[in-house]
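One structure is given here, and the rest of the page talks about it.
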Amino acid sequence: MCIYLTITSLYITSGELFMIMSLLYAPVGKKVKVINIVGGFGLQRRLYALGIVPGKLIKKVIQYPFGGPIIIEIGGTRFAIGRGMAAKIMVEVS
């Protein structure tokens, strides 16, 4: 069962509810799983170099207000990425 919304998708598998959304809208402080990167080759190459690949667990640590960057943590290392990049990273929140 899928319900499509403007920023998220909900689906149920084996009795569990999952949401797929952009990292931009993911909750702060929660670990999420990268599902897809919706962008060109240059963006994908840059994110792969940072270790942001499909299947990887990442944590959104801080989201600064008023258009500031988003701080994410991957394996104990923190990175700052812009909102445009974060909007193109699709993640699964369980």
Considering the stretch 23-33, residues that are in contact with a strand residue (DSSP E or B) (Cβ under 6 Å, 6 or more places away or on another chain) and surrounded by 13 or more Cβ atoms within 10 Å (Cβ to Cβ), and then whichever is farthest from Val93 (Cα to Cα), we arrive at Leu23
Is it the case that some residue within the stretch 74-83 is of a type in the set (S, T, N, Q) and not in a loop (DSSP other than H, G, I, E, B)?
yes
In the stretch 40-60, anything assigned to a loop (DSSP other than H, G, I, E, B) and of a type in the set (Gly, Ala, Ser) is listed as Gly40, Gly51, Gly55
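Each reported figure results from applying straightforward, stated rules to the coordinates on display, with no laboratory input. Note that the structure is predicted; figures quoted are calculated from it, not measured. Heads up, the Cβs are rebuilt from the backbone with ideal geometry, glycines too, and the neighbour counts pull from every protein chain shown.
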